[in-house]
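Asker: Quick one: this structure, given as structure tokens, is what I'll be asking you about.
The values are calculated or read from the model by the stated rules, or taken from the named source; none is laboratory data. Please read these numbers as outputs of a predicted model, since none were measured by experiment. Counting neighbours? That spans all protein chains shown, and the Cβs are built from the backbone with ideal geometry, glycine included. The area values use the complete protein model at the heavy-atom level, side chains included, leaving out ligands, DNA and RNA. Shrake-Rupley method; radii C 1.70, N 1.55, O 1.52, S 1.80 Å.
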Amino acid sequence: MARMQLKKMRITEAKRYVADKLHVTPLDLSDPHTMRNLREELDIGVITGVPGVAKGIAAKVKIAELLDIKINSVEQFKKRTGLHS
């Protein structure tokens, strides 16, 4: 949601946007159990490491795709690796 707030969204608007993209309710976003399961399911990284779950730039790439947003570090990674579309 912080990324969405950087795009000038208010907190309630950011929560609704992220919740809609992840197919959950805004209330689910604050439920650690629900979000951990969802993060593992979507392979977008978790707070504590889990073998086989995306970390670092791989998690950021998936988050950018899921939320339909550009993340600067992802864009820079794509440019440097020739993956930029």
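Asker: Give the residue that is modelled with the highest pLDDT, with candidates limited to residues of segment 1-16 that are touching a Lys or Arg at 6+ places or on another chain (Cβ under 9 Å) and assigned to a helix (DSSP H, G or I).
Answerer: Ala14
Asker: List the residue pairs whose Cβ atoms are under 7 Å apart, where the first residue sits in segment 1-15 and is open to solvent by less than 90 Å² (accessible area, probe 1.4 Å), the second is in a helix (DSSP H, G or I) and at pLDDT below 80, and the two are 6 or more positions apart or on different chains.
Answerer: Hits for this filter: Ile11/Gln5; Ala14/Met4; Ala14/Gln5.
Asker: Residue under question is His23, and the condition is that it be open to solvent by 70 Å² or more (accessible area, probe 1.4 Å), at pLDDT 90 or above and not hydroxyl-bearing (Ser, Thr, Tyr); does it hold?
Answerer: Judged against the criteria, His23 is a match.
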